[in-house]
1. How much length would be gained if the chain were fully extended between E167 and R83, taking 0.36 nm per residue of separation minus their Cα-Cα distance, in nm to one decimal?
2. Taking R0 as 45 Å, what's the FRET efficiency between Q143 and A192 from their Cβ-Cβ distance, rounded to 0.05?
3. Net charge near W85: determine it from the other residues with C-beta under 11 Å of the C-beta of W85, scoring Lys and Arg +1 and Asp and Glu -1.
4. Write down Rg/Rh for region 92-166, rounded to two decimals, with Rg from the C-alpha atoms and Rh from the Kirkwood relation over Cα pairs.
5. In the neighborhood of T64, defined by Cβ-to-Cβ distances under 13 Å, what is the net charge if each Lys or Arg adds +1 and each Asp or Glu adds -1?
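What follows draws every value from the coordinates through simple rules; no lab data is involved. The model shown is predicted, which means the values in this text are computed figures rather than measured ones. Backbone-built Cβ (ideal geometry, glycine too); neighbour counts: all protein chains shown.
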Amino acid sequence: MTMPIGRRMLLLSGATLMLVGVLGIVPARADDAGAEGFVKGFADQMAAVVNGPQDAAAKQQALTPLIDANVDLANIARFWMGRFWNSASPAQQARYVAVFHRVMLNNIRGHLGEYQGVSFAMTGTRAQGDNVVVGTIITRPSQPPANVGWVVSRGSGAPKVVDVVAEGASLRLQQRDDYASYLRQHGNDVNALIAALERQVSGA
């Protein structure tokens, strides 16, 4: 059975690449201004890379520290594994987070060309528990506009993206359900999940 992770993983990584070409900013409440400014700053940096004159290899190299600094991949990895995270051994956890990081970065870097010319408009912010959701409308050439919310957390001490809400659906919640389904079908074997991710990285 093929690991059912590709579509939503690509949605999250592709949505991250949509942070280019800021069209405008709407006024934010003072307590949310930091999150909105963070998303705008991330967008400006991504735009400089994606739309820059460098070749694909140079862009890929430049993207890695940007993603690491602005997206909490370790938090997302733990969340997507759900309750199975606590049952995994420390060695399994470390192996899983490492390969998850590689899968996400590979997906982002592998779709650079598809997101040139993409733009977004900021639509405001709202609280979501301890997090802030920064709303945007994404416009992609030859595609209808999409409402996308960026869930920003300060759980690691600095603001980072921890989820993307596309047209009202949380991608991390949907992906966690996919992981749980895959694990149930494979005897709750965490090693099976890790192996599937490693195959995705290797292209096997």
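1. So the extension gain works out to 27.6 nm.
2. Using R0 = 45 Å, I get an efficiency of 0.80.
3. Spelling it out: positives minus negatives among the neighbours equals +3.
4. 1.04
5. +2
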